[in-house]
Each structure stands twice: as structure tokens, then as C-alpha cells.
Amino acid sequence: MVGPGTGIAPFRAFLLHSNRVDTKFELFFGCRREAEGFLFKEELHCLESTGRLSLLVTAFSREQRQKAYVQDKIASHHKELASVLDHDDARIYVAGAAGAMPKAVRRAFEEFLAAHLGISNTEAKERTRNMVAQRRYQEECW
């Protein structure tokens, strides 16, 4: 799940109300500043500590000299993603602002697939298109 900014809302609801206990949930969240935008910090850390959320990755773009966004964090968490995306029933959900973020996140996943599977960028794009067609890669952006 990738939900920067207000994109966290559907994932928060899903994590709090889903009855699926046998599923591994990983969340990439980002905002400009932790103190201003990470409103559910304690709640998400609690979900992580209880195992309901298996991985919480944050990106605060204005808190360091070089901006870091959720798509950058995807690129730096290949090992964790590989253990999830190796399963045929893996799903990727992206929610949030409709600007550059959805395309950048998709590109990060395609780069991950190319590197992880040892395939070309063209093949990785095709795999992503197949995931979209199978409703295994979904974007809800506004």
C-alpha cells in the first residue's frame, strides 16, 4: 500500500477494519514534515508492533537536504518487497494526490520488478499492465 498525504485514509480504515489475519500488509506513507502530516503515527506504530502491519516505511520530503518521496523509499526496500511480490496473489494499492506521484510510484515498482526478476524495463511495464488488468495494481488518486 502506498498512501502519501491524504492517501493514508483508505489504508488506515482497511488496516483497522479488515478481518484478514493471514495477510501481510506493507505501507509506504509520506508527507512533507513528520510533525505536521504524520497524524496517525502512534496508531500506525501500534499496528506495526502488534504485527497487523508488517512494514511501515515513511518519507518526509522536507526534513532533509535531498527530498525523499515514497517512490524513493520503494526503491530502497527491494528486499522487503521481494518477499511480498513473489506471491501470485500480491496486490499493490496506491492512493493520494493525482499529480506526479502515481506515475513515479508505478515507475519505482517497474524498476523494482526489472531488477528483482532480471527482466527488461519493457517486460516490467508489461507485467505491471497485466497486474492492472488483473486488478492487482490499483490506483485511487484525486
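The values are calculated or read from the model by the stated rules, or taken from the named source; none is laboratory data. Quick caveat, the model's predicted, so the values are computed rather than measured. Neighbour counts run over all protein chains shown; Cβ positions are idealised from the backbone, glycine included. Areas reflect the complete protein model, heavy atoms only, side chains present, ligands, DNA and RNA absent. Shrake-Rupley method; radii C 1.70, N 1.55, O 1.52, S 1.80 Å.
Couple of notes before you dig in:
- Think of the stretch 74-142 as having a plus end and a minus end, set by charges on the Cβ of Lys, Arg, Asp and Glu; of Val105, Leu85, Ser120, Val105 sits farthest toward the positive end of this dipole.
- Lys, Arg +1 and Asp, Glu -1 on Cβ, resulting dipole of the chain about Cα centre, debye, nearest 20: 340 debye
- Rounded percent of accessible protein surface that carbon and sulfur make up, the chain, 1.4 Å probe: 49 percent
- The chain - percent relative contact order, Cα under 8 Å, separation 6 or more: 25 percent
- Hits among lysines - C-alpha to C-alpha of Lys103 under 21 Å, sequence gap 8 or more where chains match: Lys67, Lys73, Lys125
- Charge tally in the Cβ shell below 13 Å around Glu36, where Lys, Arg are +1 and Asp, Glu are -1, Glu36 excluded: +2
- Label-to-label distance, nm, for residues given as Ala68 and Thr6 (7 Å Cα→Cβ offset): 2.7 nm
- For the chain, the Stokes-Einstein estimate of translational diffusion at 25 °C and a viscosity of 0.890 mPa s comes to 158 µm²/s, using the Kirkwood hydrodynamic radius over alpha-carbon pairs.
- Accessible surface, per residue, of the stretch 1-74 when the full set of protein chains is kept, probe 1.4 Å, Å²: 59 Å²
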